[in-house]
Amino acid sequence: MTLISDTGREAPVAPAPGDGMPLVAPAPRGAASGRRVAVLRLVRRRLLWAAPLMGVISLAVFALAAASPTDAAAAFLGARDEFTGGAARASVEDVVTGAHGAGAHWAEAWWRWASGLVSGDLGVSTSARMPVADVVAARLPWTLLLMVLGLALGAAVAVPLALIAARQPHGLLARVLTSGLWALSAVPAFLVAMGLMAVLAVGLGWLPTGGLTDAGAAVTPGQVGRHLVLPVLSVALAQLPWITLHLHRAVTAQLRSPATEAARLRGVPERQVLARHVLPTAAVPTLAIAGARLPEVVAGSVLVEEVFSWPGLGQSLVSAALAQDFALLAASTVLLSAVAVLGGLLADLCLVRIDPRTDPDAL
Amino acid sequence: MRLRHSRPAVLLGALVLAASGCSAAVSGAAAGASDDAATLRLAETGEYGSLHPLEYPLGITSKLYDGLVAVGADGVLEPGLAVAMPEADATLTSWTVRLREGVTFSDGSEFDAQDVVAAFDAVRDPAVGSWMAADYEMVEQVTAIDPLTVRFDLAYPYAGLPARLTLGIPASEALGGDVVGSPLASEPVGTGPYVLAEWRKGESMTLRAREGWWGGEPQVRTIHLAFVADENARAQRVRSGEVDGAQVSPRIAAQIAGSDGLELVANSSGDFRAISLPVTLPFFADPAVRVAVNLGTDRQAMIDGILAGHGTAVATPFTPAQGDAFEPSAVFAHDPAAAAALLDDAGWAVGPDGVRAKDGVRFAFTLMYFAEDTLRRDVAQAFASDMAPLGIDVALEGVDRRHAVTAMDEKAFVLGGGDMPYDPDAQAYRQLHSDFAVFDEDDAYSNPSGYADPDVDRLLDAARTEPDPAARSALYRELQTVLVANPPLVAVFALEHTYVARGLDDWDGVEHVLEPHEHGVAWGPWFNVQDWTRR
């Protein structure tokens, strides 16, 4: 993992707001409304771009899935494939590929899927054996819950860690912390998850080892909350290193900037320097990267979902890919791409809000 | 997790819960407290694709559906929805089944002969797409004689029919369309001891005992199945006490049994592993070479090493589980010296590179196994290392299912067998009969070696049409001696399926069963959970 280059774009590190200047500049009235219009332009531009992008992505999913060597009938049969004799296999193939769309040319299947989409019909999933809309409705909330909490916890821990490390960049603590985080970033998410489970659930018995609730228990916030702890910790631990390391770098640079020095010289208390001058500016590049990293967060939580039998969308995405389940595969891919586009937009909007010198028209 | 940081997150969580959890909460609450002695909590090996009985004839669907015939203790077939075992006429072509009276489906409708006819018509109908259609090719017609009598007319005499009548019978009204689109896949309507209470896709399933089941009221009222695909995670869950049992590999079972109140339960099975020897390869055309390869295989070492001892060496697709039909003397000793001598005599001399050759052909071939199946991979590796000292060069290739069927005629393959071990015909016929010897991608797993032996054909055909059970068993035993003289494959071992379980001592009626290839927590000590009584 590299710090910046893996996102494909370098976030502009904006110049620090001058000393005494409030975070959001009290610009003249006309300029403020002009800025609002520019932000709306940004939102509209991004959303207009998103539509053709989703179209191209879904087309690519259909084309790639059709080109994959997986056989729909074999995937449907799974282990039973081996015990399916002669004519029976042929009729299974007819049933799986015929009436349910997998057999048509991929462009035709895509067209059928896309035109159904316009009328609100996401199609039927052959791997989950139910309407795609139902699969998504049942699973997406659980995935979002896991991702949002994991990211939030990761960020909440990353901020103090980054600050501590940046205060004395050559101190023992900073060196231990950064090398520890580099090491952690190299550990696969599922290993982290298994380790947490072995220690906290099996060893100490503090937490359940998986599932949405205790066996057969009702889905209550208390039950789900307890079962969320380990998966959320796993996601947070997977995200913690890169957030901390990015933030650490930006904070270190910011702490030595002339503006910060000037603030200190004028006797602004250190706490205030950190809270008002350093952190907001340092957050800018981190936020920009966070938007672009969302798809990776989604992908990482797939394995965590698997280990903890968490009923999220990640599991069904994998089975859909293996089963030539066009409808579900396309829907999940487009949805996750939409999450990435919206996440990027959200990060940019935060950027505009934090840093008044950002030009929405240039984003 | 520190509360200070996560308060907004908890709020968000509550919102999402409100949006997605209400329907689940209603049925989940009824499932009861998990410490209730009448609740069984098990970790299943993975998500079910479907609960359609025409897709899954045994296993979990046997809790929701009954067949005319049921698999009983030790794998002995017994009447299910039939009042007695099916009766055949003297020619074995006409079978009559009398049905239980007063049986109802879980939707309240009455069970009768029409439901049986509909189920067996559907399983044979190509438009329905059941993978078991070929298993019923002998059935010509199913007729309802009266509401409680069904007659099966067969195209040819077939003694093994009762094992095929284990098919779960759904309500005929619910049986519409093909297996993929059928609502039965997720909304089962059967006559079985349990009904589906809740299915949280990707996470768990809860079954509840049915009021008014014809077999009595099950004392285990609730069965909760958590889907845990990862074996280590499964073992952790059992150890932590969150579930009462799970299916795990022999090694892991041996590790965790004995602690945390867990005991190891091992059931014998008709589930065997074998290596095909395609006769299109020049060396395998010679029966003596096939015998040599069998003699060179150290089966016991594989059982000890791969299965931690939980298996039985076999020489043919027949396993000791076949009872009287099993011939105990039909075995291959591990005798590399004799194997080498046979190969020398057959003209396969060791060349300068240590590999045998004859007329310019090297004794080298590829052995395929399913890449994701670690058991088969281990068998393939052990077999290859047994062959190396004999001067036979075996290259290993992990393949996907699509590739396996296309290459079956020119590459050896690690086979799994025994999907229906309750009759020897179902266990062996398609593996051995020359009718299936011609390679066909759509039927690659039937007789994968392309084996043909007129004696074997004769004995298989005679046995399936023999009405007298003792005479039938004798034919199968004779068949096994022929198979050892002219082996179609290297049968390696029959597995014991291993489980860890706690709390079995609280119940009477826990039995062992003979298991098919398919397994999971619908088997193991829990296969007859509906019949358990509290001790």
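The values are calculated or read from the model by the stated rules, or taken from the named source; none is laboratory data. Not measured: the values here are computed from a predicted model. A quick note on method: Cβ atoms are made from the backbone with ideal geometry, for glycine too, and the neighbour counts reach across all protein chains shown.
Somewhere in the stretch A:121-133, is a residue touching a helix residue (DSSP H, G or I) at 6+ places or on another chain (Cβ under 9 Å) and in a helix (DSSP H, G or I)?
Checked against the condition, which is being touching a helix residue (DSSP H, G or I) at 6+ places or on another chain (Cβ under 9 Å) and in a helix (DSSP H, G or I), the stretch A:121-133 yields at least one hit.
Take the stretch B:406-421 and flag every residue that is away from chain A (no Cβ under 13 Å) and buried (at least 24 other Cβ atoms within 10 Å of the Cβ).
Of everything in the stretch B:406-421, just one residue is away from chain A (no Cβ under 13 Å) and buried (at least 24 other Cβ atoms within 10 Å of the Cβ), namely B:ALA412.
State which residue is surrounded by the fewest Cβ atoms within 10 Å (Cβ to Cβ) when the search covers only the stretch B:301-343 and only residues that are of a type in the set (Phe, Trp, Tyr) and more than 30 Å from B:ARG362 (Cα to Cα).
Out of the qualifying residues, it is B:PHE326.
Could you grab me the full set of residues in the stretch B:440-474 that are within 14 Å of chain A (Cβ to nearest Cβ) and on the phi > 0 side of the Ramachandran plot?
Correct list: B:ASN447 only.
Quick test for you: out of A:ARG139, A:ARG129, A:ARG167, pick the one residue that is charged (D, E, K, R) and farther than 30 Å from A:ASP71 by Cα.
A:ARG167
Of the residues A:ASP94, A:ASP121, only one is more than 20 Å from A:LEU329 (Cβ to Cβ) and among the charged types (D, E, K, R); which?
A:ASP94
Assuming B:THR166 fulfils every condition listed in (1) of a type in the set (S, T, N, Q); (2) within 9 Å of chain A (Cβ to nearest Cβ); (3) surrounded by fewer than 24 Cβ atoms within 10 Å (Cβ to Cβ); (4) touching a Gly at 6+ places or on another chain (Cβ under 9 Å) apart from one, which condition is it?
(2)
Are there strands (runs of 3 or more DSSP E) fully within the stretch B:205-282 with at least 2 residues that are among the aliphatic types (A, V, I, L, M)? List them.
In the stretch B:205-282, B:222-227, B:263-276 are the strands (runs of 3 or more DSSP E) which contain 2 or more residues that are among the aliphatic types (A, V, I, L, M).
Which helices (runs of 4 or more DSSP H) sit wholly inside the stretch B:418-533 and have at least 3 residues that are acidic (Asp, Glu) and modelled with pLDDT of 95 or more?
Of the helices (runs of 4 or more DSSP H) lying wholly inside the stretch B:418-533, those with at least 3 residues that are acidic (Asp, Glu) and modelled with pLDDT of 95 or more span B:454-464.
Consider the stretch B:92-131. How many of its residues are in contact (Cβ under 8 Å) with a residue 24 or more places away in the chain and part of a loop (DSSP other than H, G, I, E, B)?
17
Considering the stretch A:123-144 alone, what residues qualify as being buried (at least 21 other Cβ atoms within 10 Å of the Cβ), more than 8 Å from chain B (Cβ to nearest Cβ) and either at negative phi or under 24 Å from the mean Cα position of the chain (by Cα) (or both)?
If the condition is that a residue be buried (at least 21 other Cβ atoms within 10 Å of the Cβ), more than 8 Å from chain B (Cβ to nearest Cβ) and either at negative phi or under 24 Å from the mean Cα position of the chain (by Cα) (or both), then A:SER125, A:VAL132, A:THR143 are the ones that fit.
Only residues that are surrounded by fewer than 20 Cβ atoms within 10 Å (Cβ to Cβ), more than 8 Å from every other protein chain (Cβ to nearest Cβ), out of contact with any helix residue (DSSP H, G or I) (no Cβ under 9 Å at 6 or more places or on another chain) and in contact (Cβ under 8 Å) with a residue 60 or more places away in the chain: list them for the stretch B:184-218, please.
Once the filter is applied, which keeps residues that are surrounded by fewer than 20 Cβ atoms within 10 Å (Cβ to Cβ), more than 8 Å from every other protein chain (Cβ to nearest Cβ), out of contact with any helix residue (DSSP H, G or I) (no Cβ under 9 Å at 6 or more places or on another chain) and in contact (Cβ under 8 Å) with a residue 60 or more places away in the chain, the stretch B:184-218 yields B:GLY212, B:TRP214.
If we keep just the residues of the stretch A:304-330 that are of a type in the set (Gly, Ala, Ser) and in a helix (DSSP H, G or I), which is farthest from the other protein chains (Cβ to nearest Cβ)?
A:ALA330
Does at least one position in the stretch B:271-284 carry a residue that is crowded, with 24+ Cβ neighbours inside 10 Å, in contact (Cβ under 8 Å) with a residue 40 or more places away in the chain and under 30 Å from A:GLY211 (Cβ atoms)?
Within the stretch B:271-284, one or more residues are crowded, with 24+ Cβ neighbours inside 10 Å, in contact (Cβ under 8 Å) with a residue 40 or more places away in the chain and under 30 Å from A:GLY211 (Cβ atoms).
Pairs under 8 Å by beta carbon, first residue under 23 Å from B:ALA428 (Cα atoms) in the stretch B:299-315, partner part of a loop (DSSP other than H, G, I, E, B) and not aliphatic (A, V, I, L, M), six or more apart or different chains?
What qualifies is B:ARG299/B:PHE332; B:ARG299/B:HIS334; B:GLN300/B:HIS334; B:ILE303/B:GLY309; B:ILE303/B:HIS310; B:THR312/B:THR319; B:ALA315/B:PHE332; B:ALA315/B:PRO487.
Out of everything in the stretch A:202-224 that is more than 7 Å from every other protein chain (Cβ to nearest Cβ) and not in a loop (DSSP other than H, G, I, E, B), what residue ends up being surrounded by the most Cβ atoms within 10 Å (Cβ to Cβ)?
Per the criteria, the residue is A:GLN223.
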